[in-house]
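*Asks:* Can you read through this structure? Questions will come right after.
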Amino acid sequence: MRTIHELTDAYRRGETTPSEATDAYLSRIAKLDDKVGAYLTVTADRAHAAARAADERYRRGRPLGPLDGAPITLKDVFCTRGVRTTCASKILESFVPPYDATVVDRLAKAGAVMLGKSNMDEFAMGSSTEHSALRVTRNPWDLTRVPGGSSGGPAAAVAAGLAAGGLGTDTGGSIRQPAAFCGVVGLKPTYGRVSRYGLVAFASSLDHPGPFGLDVTDTARLLGAIAGHDPMDATSIDAPVPDYTAGLEQGVRGLRLGVPDEYFTKGMDAEVEAAVRVAIDVLKGLGATLERVSLPATPHALATYYVIAPAEASSNLARYDGVKYGLRVPGRDLIDMESKTRAAGFGAEVKRRIMLGTYVLSAGYYDAYYGQAQKVRTLVRRDFDAAFARVDLIVAPTTPNVAFRHGEKADPIAMYLNDVFTIPADMSGVPGVSVPCGFTASGLPIGLQLIGRALDEATVLRAARAYERATDWHTRRPELA
Amino acid sequence: MTAGKWDVVIGLEVHAQLTTRTKMFCGCPTTFGAPPNTQTCPVCQGMPGTLPVVNRRAIEYGVRTALAFDCRVNHACRFARKHYYYPDMPKNFQISQYEEPLAEEGWLEIDRPDGHARRIGIQRLHLEEDVGKLVHEGTLETAQASLVDFNRAGVPLMETVSKPEIRSPEEAAAYLRAFRAVLVYLGVCDGNMEEGSLRCDANVSLKPAGAARLGTKVEIKNMNSFRNVQRALEFEVKRQTEALDRGERIVQETRLWDADRGYTRSMRSKEFAHDYRYFPEPDLVPLKLDAAWIDEIRRVLPELPRARRQRFVAAYGLPAYDAALLTQSRALAEYYEAAVRDFPQPKLVSNWVMSELLRELPGDDERAIEQATVTPSRLAGLLRLIDDGTISGKIAKTVFETMVRTGEEAAAIVRREGLTQVADAGALAAMVASAIAGNPKAVEDYRKGKTAAAKAFVGQVMKASGGKANPAMVSKLVEAELEKLTKT
Amino acid sequence: MISRDDVAHVARLARLALTDAELERMREQLNAILAHIDALRAVDTTGVEPTSHAVPQFNVMRDDEPRPCFPPEDMLANAPDRAGDFFRVPRIIEE
Ligand SMILES: [Mg+2]
Ligand SMILES: [Zn+2]
């Protein structure tokens, strides 16, 4: 199982070709994905064609760049022209978009080879991928456990060697949490750094597309390919994209790291806390200075999230009505058809959030819920502003616990609590990464989270790389016979 | 208007389609009448993952209109989502403006039947996207299915809400006419009501004469011509008056105007009130309209109907009546001015435009006037032929009719049909002499002092010449000849 | 606390056909979630501006330049029901 940079180096040296690598991944998917369940759609023919084109470029000594020929997987939330895009929902099970998401287009132009579309919680609502209406995805480290979510498919695929890299989305932690659960690197960029065009919306003001990699270098390469202004997304930031790989090896000497009190809570897993504390010491040993910081609005972030995200989701998902695309359940009239279609097409968690979101926006409740949540969101943002006036990065655990068993968190609120450490960065739009920082005694990965200033992904990646270079957690691979 | 003991209170809500090249939030064209679903893309069809991006020109047009109505342009404004389910609305929410509209607090001046002008307040002006079009298989009531065409979905609309300051159906029609003229002058809307470029809803209520508190209002929809606005409101005022006179209470509801049957009827029960669940559109960022841009738009504002009307009186010496008629549409006013440039006799041009041109074309149909076969320079050419005596005014009218049909220059028609005026004194004298010789009785009358007999001779000569004789010369010759006869 | 009627009203607004049992379960779960969310109402936000976007931006607009439309065949390819190049929907009965 090689990283993207190892693979492309091998292509360059002529040791292997994109086609050989693609074949290897496709046969591994054929052999192992019954166990893992990462994929919803495998696009073998397209992959072969894209790989052959990459072969040709390497043969001529003119690869497109650092991702040319890299076999990757896309969370099934990104629209792909001519390839069904389901959001792991019955309502979109047969939907074939006539357009590509901007990130899909950018990866294709960078020469990446799409192996297929990977599983997720339906419409990205969840933290375990158990809310997929189409497939169960298992954690490659322990098949009885969840891969995290909502981007559980791409995280599990990368961890299991069923793709060399992947793209996911993070709305409340949906890249970083599954990265932590699956022992891979996952980065949530600054809001607006990566275009959302063609990403099926969950919560528009919180949705962040971002990469998964086996290591920080791969993650930086993927980010470099997808980042940058997109005129099709009015919220995308028009700012130059630095070369994220350029300063990766510069280390952390002189960086000031903030350790937030609020991210080490009573209920958290002792093994997680211990591993993260050790990791922070490693960074200190590498020359970073540590400082205690406080992010006092953190306890309110979860509630804020559970107003804003469902409200926006209830609106974004109103379009699935059986009129233009997707499922239609017949009814005696239009309203009956629409109501039955939506009842049959959405799973329980999606319906719950649509109901919650509709309720908090409805007449008489707006100010108390949505209006108030947006104000508390300002407080959460201010916490980060204040912290980043003193420190360059915030270091914290990615999650309060490790991967749990399928069905273990049946109570919605217990599931929501999984995201307490990841939600604040989504609310504030600042970039964050999760890197492997250890294993529990039972062999489950633990994630270290590094959060940076808006648009400062370079520093986040640089510190993550420094940590990674000093440790070997990222080199461990699950056994999947 | 006071309907007996009741005061009428009307507020109008006008949706105007902007003449941008592309839709409000995507690059699809806005052309009217294209085959179904050929002017769409994933964005305006609300497909998953697609995002809106604001059309700068739509904002500019909104600001332009707001300035023309003397509105306060809000430097900070934003879009919001308005939610309700309807199959012609692809996302099941409309991107509109709610708490922070583009502009507020302006006014529009209307002319009342008594000749006085009156200001009607404008409450707010905002931008939004249009919905698609539904075609029912049969009528809405009996249809088992409906068909959806999204071509119109996403077309930019400007909604302007008047204050409830309109006092009669006539004033409402006058408001709409004045409103339309301003929009067309600004070039932001083509004003075509048949194609739905301008759609009007009204709120109507009655209150006891002189009372301060407004009565229960009824919303009237589906009035899509000036005439229908007035008819519908007249019907509704009468309906409410009769109900109140009978001591009934007015139900707050939405009523549809049925133009064929001439009445408003209640739409189905509204017990399930709309709850639009507005919230700021998260896919768009707020606008901060900077003062420099607004000033720039203000600087290039075109002359508006009222100012142009005043200028027509001042600069061309036209009667107020002519000025009002000629400025009812931008195209007509421009037509007039172009013709006057070529033929600088303002009143003569005005007469011809008002009588001949407007006989052929409706004065408020911009497109028809712009495409008129008799162009301003052709009209000027025709008037020049009258002016230099080549043809008579009478012949000119038939030449004008031919010009409308064939699109030729006046001179070419005159040449081809041999319509040149006979102004040869010798030829005319012979005709006059023969007319007089042929009617000794009339000469006798003239001798006895019946000077009207002279007019009869002129008429005879004109007739004999097939209208081509120069009437002034003929009349002079007749007088001279009769003078001679009476003296002998 | 939201009542059964509230839940039914919201389900109607959201166009979701829920069975009685689903309505009841939804009522319980929504109340449990709202109990957590209600803590927000106690947060002092006097004088705090709302945040609608994490990264503030303004005036993002596009030029009024036409782009090619998509062919109707592409736009209707996913239609559950169509008549010619129209989308077809069951009869409309106003609420
Ligand atoms: Mg409107
Ligand atoms: Zn479009």
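*Asks:* Quick one: what do you get for segment A:133-254 if you divide its Cα Rg by 2.2 N^0.38 Å?
*Replies:* The value comes to 1.09.
*Asks:* Counting only Cα, what are the radius of gyration and maximum Cα-Cα distance Dmax of segment B:31-189, in Å?
*Replies:* 18.1, 57
*Asks:* Let me ask something else. Run through segment A:1-38 and list the GluC sites (Glu not before Pro) located in a DSSP loop whose Cβ has at most 13 other Cβ atoms within 10 Å.
*Replies:* For GluC sites (Glu not before Pro) across segment A:1-38 that sit outside H, G, I, E and B with at most 13 neighbouring Cβ atoms in 10 Å, the list reads A:Glu15.
*Asks:* Between segment B:6-26 and segment A:412-474, how many Å separate their Cα centres?
*Replies:* 51 Å
*Asks:* With all protein chains present, how much of the accessible area of segment A:385-449 (probe radius 1.4 Å) comes from carbon and sulfur, to the nearest whole percent?
*Replies:* Working: 860 of 1570 Å².
Percent of accessible area from carbon and sulfur atoms in segment A:385-449: 55.
*Asks:* Moving on to the next point. Exactly which GluC sites (Glu not before Pro) in segment B:12-104 are in a DSSP loop and have at most 10 other Cβ atoms within 10 Å?
*Replies:* B:Glu99
*Asks:* Here is a further query. Take the Cα pairs of segment B:303-417, get the Kirkwood Rh, then feed it into Stokes-Einstein at 25 °C and 0.890 mPa s and tell me D in µm²/s.
*Replies:* 174 µm²/s
*Asks:* What's the percent breakdown of Cα-Cα distances in segment B:425-486 across 5 Å bins, shortest bin first?
*Replies:* Going out from 0 Å in 5 Å bins, segment B:425-486 shows 4, 21, 36, 24, 11, 3, 0 percent.
*Asks:* Shifting gears a bit: Past 19 Å, Cα to Cα: identify those pairs from B:Lys441/B:Lys484; A:Lys75/A:Lys340; B:Lys163/B:Lys238; B:Lys397/B:Lys468; B:Lys347/B:Lys397; A:Lys31/A:Lys117, in the order given.
*Replies:* Violating the 19 Å Cα-Cα cut-off are A:Lys75/A:Lys340; B:Lys163/B:Lys238.
*Asks:* Next question. Please give the charge dipole size of segment A:26-94, origin at the Cα centre, charges +1 on K and R Cβ atoms and -1 on D and E Cβ atoms. Round to the nearest 20 debye.
*Replies:* 200 debye
*Asks:* Where the only charges are on Cβ atoms (+1 Lys, Arg; -1 Asp, Glu), what is the dipole of the protein assembly as shown about its Cα centre, to the nearest 20 debye?
*Replies:* Roughly 1760 debye, rounded to the nearest 20.
*Asks:* Find the Rg to Rh ratio for chain C, where Rh is the Kirkwood radius over alpha-carbon pairs and Rg uses the same atoms.
*Replies:* Rg/Rh: 1.15.
*Asks:* Can you give the three extents of the C-alpha atoms in segment A:257-357 along their principal axes, from longest to shortest, in whole Å?
*Replies:* Taking max minus min along each principal axis of the Cα atoms, segment A:257-357 gives 69, 24, 22 Å.
*Asks:* Given the DSSP H assignment, sum -39500 (n - 2.57) over each helix run of at least 4 residues in the protein assembly as shown and divide by its residue total; what's the result at 222 nm in deg cm²/dmol, nearest 500?
*Replies:* Calculated from helices alone, the mean residue ellipticity at 222 nm is -12000 deg cm²/dmol.
*Asks:* What percent antiparallel are the DSSP beta bridges of the protein assembly as shown, to the nearest 5?
*Replies:* Just about 80 percent of them are antiparallel.
*Asks:* Using only the alpha carbons of segment B:158-301, what is the convex hull's orientation-averaged projected area in square nanometres?
*Replies:* 12.5 nm²
*Asks:* Also, I was wondering about something else. In segment B:107-196, what GluC sites (Glu not before Pro) fall in a loop by DSSP, with at most 15 other Cβ atoms inside 10 Å?
*Replies:* B:Glu137, B:Glu141, B:Glu194, B:Glu195
*Asks:* Below 8 Å between Cα atoms, with a sequence gap of 6+, how large is the relative contact order for segment B:425-486 in percent?
*Replies:* This gives 41 percent for segment B:425-486.
*Asks:* Rounded to the nearest whole Å³, what is the per residue volume of the convex hull around the Cα atoms of segment A:4-250?
*Replies:* Per residue, the Cα convex hull of segment A:4-250 comes to 115 Å³.
*Asks:* Can you tell me the mean projection area, over all orientations, of the convex hull of chain A's alpha carbons? Units nm², please. Intermediate values should be presented prior to the final figure.
*Replies:* Values: hull surface 85.1 nm².
The Cα convex hull of chain A, projected and averaged over all directions, gives 21.3 nm².
*Asks:* Solvent-accessible area per residue for chain A at a 1.4 Å probe radius, Å²?
*Replies:* Result: 29 Å² of accessible area for each residue.
*Asks:* In straight Cα distance, which lysines are under 26 Å from A:Lys284, not counting same-chain residues fewer than 8 positions off?
*Replies:* A:Lys188, A:Lys266
*Asks:* In whole angstrom, note down how far apart the Cα centers of segment A:249-321 and segment B:67-108 are.
*Replies:* Using only Cα atoms, the two centres lie 39 Å from each other.
*Asks:* Here's a follow-up. Just want the answer: with Cβ charges of +1 for Lys and Arg and -1 for Asp and Glu, which residue in B:Val155, A:Thr86, B:Val184 is farthest toward the dipole's positive end in the protein assembly as shown?
*Replies:* B:Val184
*Asks:* Please get the size of the charge dipole for chain A, origin at its Cα centre, with Cβ charges of +1 on Lys and Arg and -1 on Asp and Glu, quoted in debye to the nearest 20.
*Replies:* In debye, rounded to 20, chain A gives about 440.
*Asks:* Once phi is turned into θ = phi - 60°, what whole-Hz ³J(HN,Hα) does the Karplus curve with 6.51, -1.76 and 1.60 give for every residue of segment B:357-367, x standing for Gly and Pro?
*Replies:* 5, 6, 6, 7, 10, x, x, 9, 9, 3, 5
*Asks:* Moving on to the next point. Under 23 Å between alpha carbons, and skipping anything fewer than 8 positions from B:Lys288 in its own chain: which lysines qualify?
*Replies:* B:Lys288 reaches A:Lys375, B:Lys23, B:Lys82.
*Asks:* Roughly speaking, what is the centre-to-centre gap between segment C:1-41 and segment B:290-343 when only Cα atoms are used, to the nearest Å?
*Replies:* Each part reduced to its Cα centre gives a spacing of 60 Å.
*Asks:* Another question, if that's okay. Expressed as cubic angstrom per residue, what is the convex hull volume of the alpha carbon set of segment B:2-294?
*Replies:* Hull volume normalised by residue count: 148 Å³.
*Asks:* Moving to a separate point now. Place +1 on the Cβ of every Lys and Arg and -1 on the Cβ of every Asp and Glu in the protein assembly as shown, take the dipole about the Cα centre, and give the residue among A:Gly14, B:Leu357, A:Phe439 whose Cα lies farthest towards its positive end.
*Replies:* B:Leu357
*Asks:* Ok, one more. Would you mind checking the tilt of helix B:376-387 against the longest principal axis of the Cα atoms of chain B, expressed as 0 to 90 degrees and rounded to 10?
*Replies:* The answer is roughly 20 degrees.
*Asks:* Over the alpha-carbon set of segment A:368-481, work out the extent along each principal axis and list the three values in angstrom, largest first.
*Replies:* Here the spans come out as 52, 38, 19 Å, largest first.
*Asks:* What is the set of long-range amide H partners of A:Ala201 at a cut-off below 5 Å, with H atoms built 1.01 Å from backbone N?
*Replies:* Answer set, sorted by chain and number: B:Gly49.
*Asks:* Share of antiparallel DSSP beta bridges in chain A, in percent to the nearest 5?
*Replies:* Working: 30 of 45 bridges.
That works out to approximately 65 percent antiparallel.
*Asks:* Another question, if that's okay. Can you work out D for the protein assembly as shown in µm² s⁻¹ from Stokes-Einstein, where Rh is the Kirkwood radius over C-alpha pairs, the temperature is 4 °C and the viscosity is 1.567 mPa s?
*Replies:* Answer, rounded: 39 µm²/s.
The values are calculated or read from the model by the stated rules, or taken from the named source; none is laboratory data. Note that the coordinates shown come from a computational prediction; the quantities given were computed from them, not determined experimentally. Reconstructed Cβ throughout: ideal geometry from the backbone, glycine too, with neighbour counts over all protein chains shown. Side chains included, ligands, DNA and RNA excluded: accessible areas come from the protein's heavy atoms. Shrake-Rupley method; radii C 1.70, N 1.55, O 1.52, S 1.80 Å.
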